[in-house]
């Protein structure tokens with residue numbers, strides 16, 4: 001069977017028009033380009049979205065987990081303010097108070113005659129002095145002696161203020 005063109009059709013047909021039963025090359029090419037474009041855009045989007053997290057990880061920032069959570073919240077809620085907050089937080093160097101505080105604690109333990117870092121394992125120390133607790137009723141002061149466990153709390157009387165007469 002020969003394909004005769006329709007009498008109203010032009011003599012020259014464009015290249016993207018195919019004969020019936022043949023593969024449409026333009027449609028296949030456009031499908032491949034569309035799939036590659038969607039994949040490329042998705043990779044670009046996720047790479048851009050994880051930029052603050054990668055910046056914080058590369059800089060060994062202590063707020064890395066916070067930045068990562070902000071990026072995830074931004075990704076799932078589509079609220080870009082979280083991404084901006086994560087980006088700003090990834091760029092800021094927060095001061096490290098932990099190192100200096102641990103050095104202070106170690107020096108204090110050394111002054112107290114303890115092994116530095118050994119105070120973390122000890123239970124809270126009981127003081128040999130009396131512990132005073134003030135009751136909310138304005139009454140007596142409760143004094144306990146912690147030297148022995150068998151002593152009972154003693155209630156010491158407090159001074160009562162005399163009213164001022166005008």
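The values are calculated or read from the model by the stated rules, or taken from the named source; none is laboratory data. A quick note: this is a predicted structure, and the numbers were derived from the prediction, not measured. Ideal geometry is used to build each Cβ from the backbone, glycine not excepted, and the neighbour counts take in all protein chains shown.
Answer yes if at least one residue in the range 114-121 is at pLDDT below 85 and loosely packed, with under 10 Cβ neighbours inside 10 Å, and no otherwise. Yes - at least one qualifying residue is present in the range 114-121. Taking residue 104 as the residue in question, decide whether it is assigned to a helix (DSSP H, G or I) and modelled with pLDDT of 90 or more. Against the criterion (assigned to a helix (DSSP H, G or I) and modelled with pLDDT of 90 or more), residue 104 does not qualify.
Of the listed requirements (1) touching a helix residue (DSSP H, G or I) at 6+ places or on another chain (Cβ under 8 Å); (2) loosely packed, with under 13 Cβ neighbours inside 10 Å; (3) outside any loop (DSSP other than H, G, I, E, B), residue 16 misses just one: (3).
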